[in-house]
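Here's a structure for you.
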Amino acid sequence: MVRTTVVGTYPRIGETSEEQALRRGIARLDRGEIVEAELQAIERDTVRQVLREQNEIGIDLVTDGQISWYDSQSHFAGKLTSVETNGLVRYFDTNTYYRQPVVHGAVAWKAPVLADDWKFAQANSKVPVKAVLTGPVTLASLALDKHYRSKKALALDLATAVGEEVGSLVQAGASNVQIDEPILTRYPGDLTLVSEALERIRSHKARSTLTLFTFFGDVAAIYKDLGDAPADILGLDLVQGSATWPVLAKHGSTKPLVLGLIDARNTREEDPAAIAKKALELKGAVDLKASYLSPSNGLEFLPRDRARRKLQILRTAAQKAGVGA
Amino acid sequence: MNALLTTSVGSFPKPEYLTRARTKASKGELSPDGLRTLEEKATSEWIRFQEEIGIDILVDGEQYRGDMATYFAENIDGTEISGLVRSYGNRYYKKPIIVDELRRRGPISVDWFTFAQAQTKRPVKGMITGPYTMMDWSFDEYYGSRADACFAFAKLLHDEAVALEAAGAKVVQVDEPALSTRFDELPLLVKAVGIVTKGLKAKTVLHTCYGNYNEIFDYFNKLPVDQLDLEMSNSGLDLLDRFKREPLKKEIAFGVVDVHSHVIEPESLIRERIEKALTIFSPSKLLIDPDCGLKTRSVDEARIKLRNMVAAAHAVRTAHGLT
Ligand SMILES: [Zn+2]
C-alpha cells in the first residue's frame with residue numbers, strides 16, 4: 001500500500017451552513033460584531049473539520065489546510081521585519097490573488113508564525129500533521145523588492161527566516177516539514193538558488209523529514225539535478241506538470257517522492273485504478289513504500305465537496321496500488 | 001463633443017435591499033419575479049445616477065449578476081455550477097463546470113441590455129464575458145483541451161455579440177480579466193476574441209485587469225478590438241513610458257480610480273492622472289473610467305469615486321479647451 005498525503009491548502013468553506021462558519025465569522029469581524037479571538041475560535045473549529053475529513057478518508061499525512069493563512073505569501077512574509085503587504089496580485093496562473101509583500105529593508109524573523117497552529121492541528125489529528133511553508137525563492141520572486149535589488153540576496157535572507165521558523169516548528173514537535181517552491185516550474189534556472197536556500201533551512205530541521213514540493217507545472221528540464229537538492233523527499237505535480245513524467249519514469253529517483261497524480265485544479269474525477277497503475281509503473285525505479293500519492297497541488301482551488309471526492313479517489317488509488325506493490 | 005469621454009467598466013455595487021433580496025431568493029423565500037423587480041429597480045437607479053453625474057457611455061451595472069462567468073454559464077447549455085471556491089480574502093465564487101457540448105440556448109445578456117438602454121438616450125455598453133476567461137474560470141469535464149473549450153465559448157459568444165448589436169448596442173465590451181493568466185496562451189486569446197468580434201459594426205472594447213502589462217504589451221495592438229480598457233491607477237501608470245515609445249493604435253479607456261481601495265481619490269489626484277495620460281494619448285482616443293468594476297465597493301464609495309472621476313474629466317476638458 002502506498003501512503004497518501006495532501007499538499008497544503010484545503011477549501012475553507014463548503015456548501016452547508018456549518019461549513020460556512022468561517023466566511024460568516026470573517027464578515028462579522030469586518031463589521032465589528034466579533035473580536036479577533038472569537039474569529040480564531042471559529043478558525044480552529046474549521047481546522048478541526050478539515051482534519052476530521054482527512055482522518056475519516058484515511059489520509060496518512062495531513063495538513064491543517066492552511067486555514068488561518070490569508071494567502072501563501074503574506075501570511076508568513078508579512079510578519080517579518082521590514083515587510084509590509086500591499087495590493088492584490090494574481091497567484092501564478094490561478095484565479096486567486098495574494099497580498100503582495102513589499103520589502104523595505106533587511107528581512108528578519110521575529111517570532112514563530114505557524115507553531116501554535118501546528119500544535120493545535122496535531123492535537124486534533126489521529127495521524128501526523130505536516131508543517132507547510134512557502135519556500136524562500138518563491139517568496140522572493142513574488143514579493144516587491146525595494147531594498148535588496150537582488151532576488152538572490154532577498155531569497156537567502158528569507159531562507160534564514162524560514163529556517164528559524166522551521167526550527168520553531170520542529171521544537172514544537174513537527175516531524176514532517178514541507179517547503180513549497182512552485183517558482184521552479186516557471187524558472188527552472190532558480191534550482192541552484194533553491195538548493196542554496198534549502199541548505200540554510202536544513203540546518204534547522206533536526207530529525208524531521210524535509211520535503212521540497214514544486215507544483216503548477218513541470219520540472220522536466222531540471223529533474224535530474226532536482227534529486228541533488230538538500231531535501232529528504234521530493235514532491236511533484238504530475239498533472240499540470242505531466243511533462244515531468246517521462247523523465248521521472250526513465251531516470252527514477254533515489255529519494256522517495258510525493259506523486260501528485262490527482263488533478264487538484266479540475267473537478268473531473270480520475271479512475272483510481274488508472275492512477276494506481278500509473279504509480280506502479282515506477283516500481284523498481286522509485287521506492288514506492290517510502291513515497292506518497294497526493295493531489296497535484298493544494299486543494300483550495302476545488303469546492304469542498306469535490307476536494308473530498310478527490311481525496312477518496314486518492315485513497316482508493318493508493319489501496320489499489322498496494323495490491324500490486 | 002468627443003474628447004475625454006467618461007464611461008465605466010461594468011459592475012456597480014448592489015444596494016442593500018437587493019443584496020438582502022438575493023439571499024432570500026437563494027433560500028426560496030422570494031420568487032424570481034420578485035427578485036427581478038428589485039434588480040430592475042437597482043438598474044434604473046444606477047442608470048439615473050450615471051446620467052445625473054454626466055457619464056457619457058453607460059453600463060447597466062450588472063445588478064442581476066453574481067459572478068460574471070457563472071452568470072453567463074447559467075445561461076449556456078452544457079454547464080453546471082460548482083460549489084464555492086475562494087478568490088481571495090473572504091471572497092468566494094461558484095465556478096462553471098463544463099459537462100457537455102456548449103450551446104447557446106438563447107440570449108444571455110440581451111434582455112438586460114434592452115432594459116437598460118430603454119431608460120436612457122445615451123449609449124449603454126453591451127457586455128460579454130470573454131471566451132478565454134469563461135474557459136479559464138471553468139472546470140472542464142468534457143473537452144479535455146483548453147483551446148477546444150475556449151473556441152466553443154467563442155462561437156456561442158459571437159452569436160451573443162451579434163444579438164446585442166441587433167438589439168441596438170453601439171458598443172460591445174468583451175471582458176477578459178483572465179487575459180494575463182498564461183502568457184503562452186495569448187495567441188489563443190487573440191484568436192478566440194477575434195471569433196467573438198468578427199464582423200461587428202459596433203465599437204468593440206476589451207477590458208482586462210490585474211495584468212503584468214509588460215509581459216502582454218506586445219499583444220495590445222494585436223487584440224481584435226477598437227478599444228482597450230485597462231486598469232492604470234492600481235498598477236499601470238508606469239506603463240505610460242512604454243506607450244510613449246510604442247504607440248497604441250487603438251482607443252484606450254484609462255482606469256483612473258482604484259476599485260479595490262476604500263480610499264476616495266480626490267478630484268485633484270484624478271486630474272493629475274488624466275493629465276499624465278494626455279501627454280501620451282490624444283483626447284479623442286482617450287476615455288476615462290475606473291480601473292475595473294466597482295462591485296466590491298459600497299454604494300456610497302462607488303458613487304463618490306464616480307462623481308470625482310467625472311468632475312476631474314470635465315475639469316481637464318475645460319482646462320484644455322476641449323468643451
Ligand atoms: Zn476588471
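When all alpha-carbon pairs of region B:169-323 are counted, what percent fall beyond 20 Å?
The answer is 50 percent, as a whole percent.
Same structure again: With springs connecting C-alpha atoms under 10 Å apart, model chain A as a Gaussian network and identify which of A:V50, A:V35, A:V102 has the largest mean-square fluctuation.
A:V35
Once amide H atoms are placed 1.01 Å from N in the peptide plane, what residues at a sequence separation of 5 or more from A:T85, or on another chain, have their amide H within under 5 Å of its amide H?
Distant-sequence amide H within range of A:T85: A:V102.
If we count other beta carbons within 10 Å of each Cβ, what is the order of A:I13, A:I179, fewest first?
In order of increasing Cβ crowding within 10 Å: A:I13, A:I179.
Defining a contact as two alpha carbons under 8 Å apart and six or more residues distant in sequence, what relative contact order in percent does chain A show?
Averaging sequence separation for qualifying contacts and normalising by length gives 20 percent for chain A.
Identify the GluC sites (Glu not before Pro) of region B:24-89 meeting these criteria: DSSP loop state and at most 16 other C-beta atoms within 10 Å of the C-beta.
In loop regions of region B:24-89 (DSSP not H, G, I, E or B), the sparsely surrounded GluC sites (Glu not before Pro) are B:E29.
Say a site is exposed when it is one of the trypsin sites (Lys or Arg not before Pro), sits in a DSSP loop, and has at most 12 other Cβ atoms within 10 Å; what is then the longest site-free stretch of chain A?
No qualifying site falls inside A:208-325, the longest such stretch.
Name the long-range amide H neighbours of B:M127: under 5 Å, sequence gap of 5 or more, or other chain; modelled H, no Pro or chain starts.
For B:M127, the qualifying residues are B:Q173.
Using the Cα centre of the protein assembly as shown as origin and beta-carbon charges of +1 (Lys, Arg) and -1 (Asp, Glu), tell me which of A:G217, B:A21, B:L239 is placed farthest towards the positive end of the dipole.
Toward the positive end, the furthest listed residue is A:G217.
For chain B, what is the relative contact order in percent, using Cα pairs closer than 8 Å and at least 6 residues apart in sequence?
Rounded, it is 19 percent for chain B.
What's the local net charge at A:N297, with K and R +1, D and E -1, over the other residues with C-beta under 12 Å away?
Combined, the nearby Lys, Arg, Asp and Glu give -3.
PRE reach from B:T37 (point 7 Å along Cα→Cβ): which of region B:45-87 fall under 19 Å by backbone N?
B:45-46, B:63-64
Just want the ordering: B:V196, B:V299, B:V316, from fewest to most Cβ atoms lying within 10 Å of their own Cβ.
If I rank by nearby Cβ atoms, fewest first, I get B:V299, B:V316, B:V196.
Grab the Cα-Cα distance for B:E275 and B:A311, subtract it from 0.36 nm times how many residues apart they are, and report the gain in nm with one decimal.
Between B:E275 and B:A311, full extension yields an extra 11.6 nm.
Using the Cα centre of region A:238-325 as the reference point, and only Cβ charges (+1 on K/R, -1 on D/E), how large is the resulting charge dipole? Debye, rounded to the nearest 20.
120 debye
Roughly what % antiparallel, to the nearest 5, for the DSSP beta bridges in region B:55-319?
25 percent
Also: What nm value, rounded to one decimal, do you get for the distance between A:A111 and B:S87 when each label is placed 7 Å out toward the C-beta?
3.4 nm
For region A:1-75, which GluC sites (Glu not before Pro) pass both filters: DSSP loop (anything but H, G, I, E, B) and at most 11 other C-beta atoms within 10 Å?
Filter output for region A:1-75: A:E33.
While we're here: Can you work out ³J(HN,Hα) from phi for every residue in region B:240-247, in order, using Karplus 6.51 cos²θ - 1.76 cosθ + 1.60 and θ = phi - 60°, giving whole Hz and x for Gly and Pro?
4, 4, 5, 5, 5, 6, 10, x
Would you calculate the separation in nanometres between label points at B:N221 and A:L144, each defined as 7 Å from the Cα along the Cα-to-beta-carbon direction?
So the label points at B:N221 and A:L144 sit 3.0 nm apart.
Mind giving me the nanometre distance, one decimal, between the label points for A:T81 and B:E52, set 7 Å out from Cα along Cα→Cβ?
5.4 nm
Go ahead and set up a Gaussian network model of chain B, Cα springs under 10 Å, then flag whichever of B:P96, B:P290, B:P187 fluctuates most.
B:P187
Suppose a student asked you for the relative contact order of region B:133-292, using Cα pairs under 8 Å spaced at least 6 residues apart; what percent would you report?
19 percent
Right, something else. How many angstrom lie between the C-alpha centres of region B:1-65 and region A:92-112?
36 Å
Pop out the ³J(HN,Hα) list for region A:256-268 in order, Karplus 6.51 cos²θ - 1.76 cosθ + 1.60 with θ = phi - 60°, rounded to Hz; leave Gly and Pro as x.
Per residue, the Karplus-derived 3J(HN,Hα) values read x, 10, 9, 9, x, 9, 9, 5, 8, 10, 9, 7, 4 Hz.
Quick check: the distance between the Cα centres of region B:267-282 and region B:166-229, to the nearest angstrom?
24 Å
Go through B:V99, B:H207, B:P266 and say which Cα lies farthest out towards the positive end of the charge dipole of chain B; charges sit on Cβ, +1 for Lys and Arg, -1 for Asp and Glu.
Positive-most Cα among the choices belongs to B:P266.
While we're on this one: How large is the dipole of chain A about the Cα centre if only Lys and Arg carry +1 and Asp and Glu carry -1, each at its Cβ, rounded to the nearest 20 debye?
It works out to roughly 460 debye.
How about region B:38-130: which trypsin sites (Lys or Arg not before Pro) there are in a DSSP loop, with at most 10 other Cβ atoms within 10 Å of their Cβ?
Answer in residue order: B:R105, B:K121.
If you don't mind, another one. Under the rule a/c < 1.5 gives rounded, and otherwise a/b versus b/c splits prolate from oblate, where does the protein assembly as shown land using the Cα gyration tensor?
Prolate, since a/c reaches 1.5 and a/b exceeds b/c.
A further question follows. Would you work out the charge dipole size for the protein assembly as shown about its Cα centre, treating the Cβ of every Lys and Arg as +1 and the Cβ of every Asp and Glu as -1, and quote it to the nearest 20 debye?
Computed charge dipole of the protein assembly as shown: roughly 280 debye.
If you don't mind, another one. For B:L179, enumerate residues with amide H under 5 Å from its amide H, sequence gap 5+ or separate chain, H modeled in the peptide plane.
Correct list: B:C209.
Something else now. Give me a comma-separated list of calculated 3J(HN,Hα) values for region A:291-300, in order, Karplus coefficients 6.51, -1.76, 1.60 applied at θ = phi - 60°, integers in Hz, x for any Gly or Pro.
Ordered by residue, 3J(HN,Hα) equals 9, 10, 9, 7, x, 6, 6, x, 8, 6 Hz.
Quick note: the coordinates plus some simple rules give every number you see, no bench work behind them. Everything numeric here is computed off the predicted structure, so don't read it as measured data. Neighbour counts are summed over all protein chains in view; Cβ atoms, including those assigned to glycine, are modelled from backbone coordinates with ideal geometry.
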